[in-house]
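Trainee: Please see the structure below; I have some questions.
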Amino acid sequence: MKTDIKSLTFEQLNKELSELSLPSFRTGQIFKWLHENGCSDFSEMTNLSKNLRNVLSEKYYISDCSIENKFISEIDDTVKYLFRLNDGEYIESVVMKYKYGYTICVSSQVGCKMGCTFCASTLAGFCRNLTSGEIESQIHSAQKDLNIRISHIVMMGIGEPLDNFDNVLTFLKNVNDSKGLNISMRNVTISTCGIVPKIYELMERNLQITLTISLHAPNDKIRSKTMPVNNKYNMDKLIEACREYGRRTGRRVSFEYTLIKGVNDSEKDALELSQKLKGMLCHVNLIPVNDVKERNNERSSQPDIFKFQNVLKRNGINATIRRTLGSDINASCGQLRRLKKRGDLCEDCCQNR
Ligand code: SAH
């Protein structure tokens, strides 16, 4: 079995290469090819001898994402990729352009175990964790394809990042490495449905990333109906972990709140949410639910969304309404993988350019 060389940290790579009796400057060269240049084949490493490239390719492989489909939004130039992994599995990533630069939304797993009732990622089931190299390859492939430099990462694609904790941490270390993509931790957001013990573990690392919680409900009754994870870690435990996270890291925690008509969008719900979050340094992102065919969730009306936001604001909770990017290209994650698996991904679903 070959090892994924892109999933090694600099120190691990250095150790492995020294065991192959290579001088230490080779580690820097190879790390740069893998992480700064995003090489997907040893033959691209032109400052290594052919012999050395052969030695490496006998022991290692390089994880890669090849572009299976690509969709460009006609509305806002958001680009969505369906990537094919080395073993033939599919994942999705989205590249969005903001004033401050390009942001990529990456997947952390093939499928998801969490079972949230509004989400498409979980519909096709869970298959496996992504390696750290595969998470990073989404950035390399998109950068090369669009000829851009990506400055911000959100882990809001397919999968639950805290359910793939070790690989996600290695990924963060490698993208942050100045010899690699050199992306600041402050430009990275990790989104979780609320795996409380892992939030505490993440806290211990004291990283400067932004932690976002997919909350989507003001109380346990509503949350447990839509998010099974709430049966294991209830809202009190989750919010206490977030308060502690803010205290320990000095970072403001964000909450994602998807508004679903008649489910979680009343002014009473907004008031209850304000009380739960009272006194916490936080931010609430209100998101009109994206329609997922099998799910039958209706978007809240615009006036209801504003009413909800106003209740939060009046109660001292910072809240913004998320601009929906790429709405014409199924940009919310999970939808393409599912269509592909069913053999339903066709020109009619989105305009494939
Ligand atoms: N598992 C992690 C990472 C996925 S992030 C998490 O739950 O946070 C994807 C985000 O999109 C989450 O906030 C998720 O709850 C939200 N989401 C999923 N389906 C959606 C839909 N149909 N409409 C709007 N947001 C949705």
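The values are calculated or read from the model by the stated rules, or taken from the named source; none is laboratory data. Given the structure is predicted, the values throughout are model-derived calculations rather than measurements. Glycine gets a Cβ as well: all are built from the backbone with ideal geometry, and neighbour counts include every protein chain shown. With ligands, DNA and RNA removed, areas are computed over all heavy atoms of the protein, side chains included. Shrake-Rupley method; radii C 1.70, N 1.55, O 1.52, S 1.80 Å.
Trainee: Could you order peptides 179-191, 51-63, 125-137 by the average number of other Cβ atoms within 10 Å of their residues, highest first?
Mentor: Ranking, from highest mean packing down: 125-137, 179-191, 51-63.
Trainee: Follow-up. Please report, in debye to the nearest 20, how large the charge dipole of segment 140-231 is about its Cα centre when each Lys and Arg carries +1 at its beta carbon and each Asp and Glu carries -1 there.
Mentor: Dipole of segment 140-231, to the nearest 20 debye: 220 debye.
Trainee: With unit charges on the beta carbons (Lys and Arg positive, Asp and Glu negative) and the dipole taken about the Cα centre of segment 95-234, which residue among Met227, Tyr200, Leu172 sits farthest to the positive side?
Mentor: Checking the options against the dipole of segment 95-234, the answer is Met227.
Trainee: Starting from the Cα gyration tensor of segment 43-122, take the square roots of the eigenvalues, sort them a ≥ b ≥ c, and report rounded, prolate or oblate (rounded when a/c is under 1.5, otherwise prolate if a/b is larger than b/c, else oblate).
Mentor: Here segment 43-122 falls in the oblate category.
Trainee: Taking amide H positions as placed in the peptide plane 1.01 Å from N, state which residues far from Phe126 in sequence (5 or more) or on other chains have amide H under 5 Å from it.
Mentor: Long-range HN contacts for Phe126: Cys112.
Trainee: Taking a ≥ b ≥ c as the square roots of the Cα gyration tensor eigenvalues, with a/c under 1.5 meaning rounded and otherwise prolate when a/b beats b/c, else oblate, which class fits segment 85-141?
Mentor: oblate
Trainee: Let me ask something else. For labels at Asp291 and Arg322 in the simple 7 Å Cα→Cβ model, what's the distance in nm?
Mentor: The answer from the label model is 1.9 nm.
Trainee: Same structure, new question: For the residue pair Glu201 and Arg243, what label-to-label distance in nm results when each label sits 7 Å from Cα along the Cα-to-beta-carbon direction?
Mentor: Between Glu201 and Arg243, the simple spin-label model gives 2.5 nm.
Trainee: Just for the chain, what percent of DSSP beta bridges are antiparallel, to the closest 5?
Mentor: 45 percent
Trainee: Still on this structure, I have one more. Determine the relative contact order of segment 211-332: mean sequence separation of Cα pairs under 8 Å and six or more apart, normalised by residue count, in whole percent.
Mentor: Computed over segment 211-332, the figure is 26 percent.
Trainee: To the nearest 10 Å², what's His152's accessible area with a 1.4 Å probe?
Mentor: 40 Å²
Trainee: Separate question: Taking R0 as 51 Å, what FRET efficiency do you get between Thr3 and Phe306 from their Cβ-Cβ distance, rounded to the nearest 0.05?
Mentor: Using R0 = 51 Å, I get an efficiency of 0.45.
Trainee: Please compute the contact order of the chain in relative form: average sequence separation of alpha-carbon pairs under 8 Å and at least six residues apart, divided by the residue count, as a percent.
Mentor: Relative CO of the chain lands at 17 percent.
Trainee: Order 157-166, 206-215 from most to least packed using the mean count of other Cβ atoms within 10 Å.
Mentor: Highest-to-lowest ranking by the protection proxy: 157-166, 206-215.
Trainee: Can you spot the lysines whose alpha carbon is less than 28 Å from Lys32's alpha carbon? Ignore those fewer than 8 places along the same chain.
Mentor: Hits, sequence-local ones excluded: Lys2, Lys6, Lys15, Lys50, Lys59, Lys70, Lys80, Lys97, Lys144, Lys173, Lys179.
Trainee: Among DSSP beta bridges whose residues both lie in segment 1-151, state the antiparallel percentage, nearest 5.
Mentor: Taking every DSSP beta bridge within segment 1-151, about 90 percent pair in antiparallel fashion.
Trainee: Further, regarding this structure: With charges only on Cβ, +1 for K and R and -1 for D and E, what is the dipole size of segment 25-172 about its Cα centre, in debye, rounded to 20?
Mentor: Value, rounded to 20: 380 debye.
Trainee: Under 29 Å from the Cα of Lys278, which lysines turn up, not counting those fewer than eight places away in the same chain?
Mentor: The qualifying lysines are Lys198, Lys221, Lys225, Lys232, Lys237, Lys261, Lys268, Lys307, Lys313.
Trainee: May I ask for the distance between the Cα centers of segment 176-248 and segment 90-113, given as a whole number of Å?
Mentor: 18 Å
Trainee: Another question, then. How many percent of DSSP beta bridges within segment 247-300 run antiparallel, rounded to 5?
Mentor: 10 percent
Trainee: Using a 1.4 angstrom probe on heavy atoms only, work out the carbon and sulfur share of the accessible area of the chain in %.
Mentor: For the chain, the apolar C and S fraction of the accessible surface comes to 46 percent.
Trainee: Please name whichever of Ser141, Asn37, Val263 sits farthest to the positive end of the charge dipole of the chain, dipole taken about the Cα centre and charges placed at Cβ: Lys and Arg +1, Asp and Glu -1.
Mentor: Among Ser141, Asn37, Val263, the one farthest towards the positive end of the dipole of the chain is Val263.
Trainee: Which order do Met96, Met155 take by accessible area at a 1.4 Å probe, largest first?
Mentor: Met96, Met155
Trainee: Using r as the Cβ-Cβ distance of Ser57 and Gln275, and R0 as 51 Å, what FRET efficiency do you calculate, to the nearest 0.05?
Mentor: After rounding, the FRET efficiency stands at 0.30.
Trainee: Taking the Cα centre of the chain as origin, work out the dipole magnitude from +1 charges on Lys and Arg Cβ and -1 charges on Asp and Glu Cβ, in debye rounded to 20.
Mentor: The dipole of the chain has a size of about 800 debye.
Trainee: Evaluate the distance, in nm, between pseudo-label points positioned 7 Å from the Cα of Gln12 and of Asp145 along their respective Cα→Cβ axes.
Mentor: 2.6 nm
Trainee: Assuming R0 = 45 Å, can you tell me the calculated FRET efficiency for the pair Ser266 and Tyr100, based on Cβ-Cβ distance, to the nearest 0.05?
Mentor: Plugging the Cβ-Cβ distance into 1/(1 + (r/R0)^6) gives 0.85.
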